[in-house]
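Contents: one structure, followed by commentary.
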Amino acid sequence: MRYPLEVFGAVRAAWPAAKPISVKISATDWAPGGTTADDAVRIATRLRTHGCDAITVSTGQTVPYQKPVYGRLYQTPFSDRIRHEAGIPTMTVGNLSTYADANSILAAGRADLCVLARGHLYDPYWTRHAARDQDYDLSWPDQYVSVKSFTPRAR
């Protein structure tokens with residue numbers, strides 16, 4: 001942890017104190033001898049004590065021989081554990097596809113934020129569509145007024 005904490009310390013020193021900093025970690029390498037969930041809790045705790053405000057919890061993509069266990073919301077249990085055991089806000093990722101997924105994770109206290117990369121790649125207006133489907137009326141920024149009536153085709 002010496003090198004990551006040194007880098008984090010340099011970033012924290014350069015970044016305005018009133019603005020938050022998050023760090024993305026791999027909570028498990030899905031490989032023998034790699035980072036484990038226990039390690040991830042210790043890593044997050046160390047980052048918290050050094051002034052980190054939140055942890056983005058991901059997994060894998062660190063070694064070619066990994067054996068990930070995929071499934072619906074498969075990374076959320078790691079976020080849940082880190083949030084509660086390390087005492088730091090978390091952002092969860094990994095196979096979140098519906099607003100019901102995000103809402104249930106947040107309502108259950110398993111993460112503080114849900115991060116959707118692939119969902120937004122598939123549908124750049126994912127968040128707006130989720131808001132509309134839940135009866136939230138969001139105003140459109142001026143630069144997007146020309147697409148505000150866009151409705152995606154059935155999937």
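The values are calculated or read from the model by the stated rules, or taken from the named source; none is laboratory data. None of these values were measured; they are calculated from a predicted model. No Cβ is skipped: glycine too gets one built from the backbone with ideal geometry, and neighbour counts run over all protein chains shown.
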Of these, Arg12, Arg72, which one is closer than 30 Å to Asn103 by Cα and of a type in the set (Lys, Arg)? Arg72
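Residue-by-condition table, conditions (1) over 19 Å from Ala111 (Cβ atoms); (2) in contact with a Cys (Cβ under 8 Å, 6 or more places away or on another chain); (3) not aliphatic (A, V, I, L, M):
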{"position": "Glu6", "(1), (2), (3)": "yes, no, yes"}
{"position": "Pro16", "(1), (2), (3)": "yes, no, yes"}
{"position": "Ala37", "(1), (2), (3)": "no, no, no"}
{"position": "Arg46", "(1), (2), (3)": "yes, no, yes"}
{"position": "Thr49", "(1), (2), (3)": "yes, no, yes"}
{"position": "Asp53", "(1), (2), (3)": "no, no, yes"}
{"position": "Pro77", "(1), (2), (3)": "no, no, yes"}
How many residues does the range 15-29 hold that are farther than 15 Å from Arg83 by Cβ and crowded, with 20+ Cβ neighbours inside 10 Å? 3
State which residue pairs qualify: first residue closer than 16 Å to Thr76 by Cα and hydrophobic (A, V, I, L, M, F, W, C) and inside the range 111-126, second residue outside any helix (DSSP H, G or I) and modelled with pLDDT of 90 or more in any location, beta carbons under 6 Å apart, and separation of 6 or more residues or different chains. Ala111/Thr90; Ala111/Thr92; Leu113/Met91; Cys114/Thr92; Val115/Met91; Val115/Val93
Looking only at the range 39-53, decide whether some residue is of a type in the set (Ser, Thr, Tyr), at pLDDT 95 or above and touching a Gly at 6+ places or on another chain (Cβ under 8 Å). yes
Sort out which residues of the range 81-129 are surrounded by fewer than 18 Cβ atoms within 10 Å (Cβ to Cβ), in contact with a Pro (Cβ under 8 Å, 6 or more places away or on another chain) and under 30 Å from Thr36 (Cβ atoms), and write them in order of number. Asp112, Leu113
Picked from the range 94-130 (must be assigned to a loop (DSSP other than H, G, I, E, B) and modelled with pLDDT of 95 or more), the residue farthest from Ile55 (Cα to Cα) is Ala108
Tell me, yes or no, whether the range 12-31 has at least one residue that is without any contact (Cβ under 8 Å) to a residue 24 or more places away in the chain and not in a loop (DSSP other than H, G, I, E, B). yes
Among the residues of the range 142-154, is there at least one that is assigned to a helix (DSSP H, G or I), of a type in the set (A, V, I, L, M, F, W, C) and within 24 Å of Val7 (Cβ to Cβ)? no
Take the residues in the range 33-57 that are assigned to a helix (DSSP H, G or I) and among the charged types (D, E, K, R), then tell me which one is farthest from Pro16 (Cα to Cα). Asp38
Is the range 77-85 home to any residue that is within 27 Å of His129 (Cβ to Cβ) and of a type in the set (Asp, Glu)? yes
